[in-house]
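S.K.: Got a structure here, written out as structure tokens. Questions coming.
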Amino acid sequence: MANYTEHYQLHQWEGSDPFLRTDFNEDFQKIDEALGGLAVERIAQGSYVGDGTNDRTIQLPFSPEFVIVFGHYCSGPYDNYMLSIITEEDNRFIASSDCGGGLGYNLLLKDDTLEVKNASYNNTTGKIVRYIAIH
């Protein structure tokens, strides 16, 4: 009679134990289910082209721990660049070639959405903003 492993109850045979092909199939099914559960998306990347609106929602494929947002925006006659790291707890790190303004502060992470709240900095018409979401 076979013994079984502690965590997945896979067959463990002694040298004299008879075994069946169905035993192997059952074990492979358990292994496949366990590994399939680990194949969750952990990283996603994407971009959006600014449309000039003050409220915009970007749908993410999962609820990340944090999102890195980077892009190019216009502030008056100047071209500027920004990098923001945002968590769902509303913690953030912001780096910018601009000394002030609302960039990054107007990005909110809520569950599986990134909310963009400022056209001048985060949604400038025609400007590409890229993001990386990490679970």
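S.K.: Collect the residues in region 3-12 that are within 16 Å of GLN29 (Cβ to Cβ) and assigned to a loop (DSSP other than H, G, I, E, B), keeping them in residue-number order. Before the answer, list the steps.
M.R.: We begin by selecting, within region 3-12, every residue within 16 Å of GLN29 (Cβ to Cβ); these are 4-5, 7-11.
Scanning region 3-12 gives THR5, HIS7, TYR8, GLN9, LEU10.
Per-residue answers, yes or no, for (1) aliphatic (A, V, I, L, M); (2) touching a residue at least 40 places away in the same chain (Cβ under 8 Å); (3) part of a loop (DSSP other than H, G, I, E, B); (4) surrounded by 11 or more Cβ atoms within 10 Å (Cβ to Cβ):
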residue: PHE24; (1), (2), (3), (4): no, no, no, yes
residue: ASP27; (1), (2), (3), (4): no, no, no, yes
residue: ILE58; (1), (2), (3), (4): yes, yes, no, yes
residue: GLU89; (1), (2), (3), (4): no, no, yes, no
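S.K.: Restricting region 95-111 to residues that are surrounded by 15 or more Cβ atoms within 10 Å (Cβ to Cβ) and modelled with pLDDT of 70 or more, which is nearest to ALA44 (Cα to Cα)?
M.R.: Result: LEU109.
S.K.: Take the residues of region 1-22 that are surrounded by 11 or more Cβ atoms within 10 Å (Cβ to Cβ) and of a type in the set (Phe, Trp, Tyr): which is nearest to HIS72 (Cα to Cα)?
M.R.: In this case the residue turns out to be TYR8.
S.K.: A follow-up question, please. Do we have SER47 as in a loop (DSSP other than H, G, I, E, B), at pLDDT 90 or above and hydroxyl-bearing (Ser, Thr, Tyr) here? Spell out the reasoning first.
M.R.: Numbers: in a loop (DSSP other than H, G, I, E, B): no; at pLDDT 90 or above: yes; hydroxyl-bearing (Ser, Thr, Tyr): yes.
No, not satisfied.
S.K.: Okay, moving on. Here are some conditions: (1) surrounded by fewer than 17 Cβ atoms within 10 Å (Cβ to Cβ); (2) modelled with pLDDT of 90 or more; (3) outside any strand (DSSP E or B). ILE68 meets all but one. Which one does it not meet?
M.R.: (3)
Residues checked against (1) closer than 20 Å to MET82 by Cα; (2) assigned by TED's automatic domain parsing to the domain that holds GLU89; (3) out of contact with any Pro (no Cβ under 9 Å at 6 or more places or on another chain):
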position	(1), (2), (3)
TYR8	no, no, yes
HIS11	no, no, yes
LYS30	no, no, yes
GLY52	yes, yes, yes
ILE58	yes, yes, yes
PRO61	no, yes, yes
PRO64	no, yes, yes
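S.K.: Regarding region 30-38, can at least one residue be identified that is in contact with a strand residue (DSSP E or B) (Cβ under 8 Å, 6 or more places away or on another chain) and surrounded by 12 or more Cβ atoms within 10 Å (Cβ to Cβ)?
M.R.: No, that holds for no residue.
S.K.: Among the listed residues GLY15, GLY36, which satisfies the condition of being modelled with pLDDT under 85 and part of a helix (DSSP H, G or I)? Reasoning before the result, please.
M.R.: Details: GLY15 fails: part of a helix (DSSP H, G or I).
From the options GLY15, GLY36, the qualifying one is GLY36.
S.K.: Okay, next question. Checking the condition closer than 30 Å to GLY126 by Cβ, polar (S, T, N, Q), modelled with pLDDT under 90 and in contact with an Asp or Glu (Cβ under 8 Å, 6 or more places away or on another chain), which residue from THR87, THR53, THR57 passes?
M.R.: Selected residue: THR87, the only one of THR87, THR53, THR57 that is closer than 30 Å to GLY126 by Cβ, polar (S, T, N, Q), modelled with pLDDT under 90 and in contact with an Asp or Glu (Cβ under 8 Å, 6 or more places away or on another chain).
S.K.: Next question. Among (1) under 30 Å from VAL40 (Cβ atoms); (2) buried (at least 16 other Cβ atoms within 10 Å of the Cβ); (3) modelled with pLDDT under 75, there is one condition ALA119 misses while meeting the rest; what is its number?
M.R.: The one condition ALA119 does not meet is (1).
The values are calculated or read from the model by the stated rules, or taken from the named source; none is laboratory data. Quick caveat: nothing in here was measured; it's all calculated off a predicted structure. Don't worry about glycine lacking a Cβ; one is built from the backbone with ideal geometry, like all the others, and counts go over all protein chains shown.
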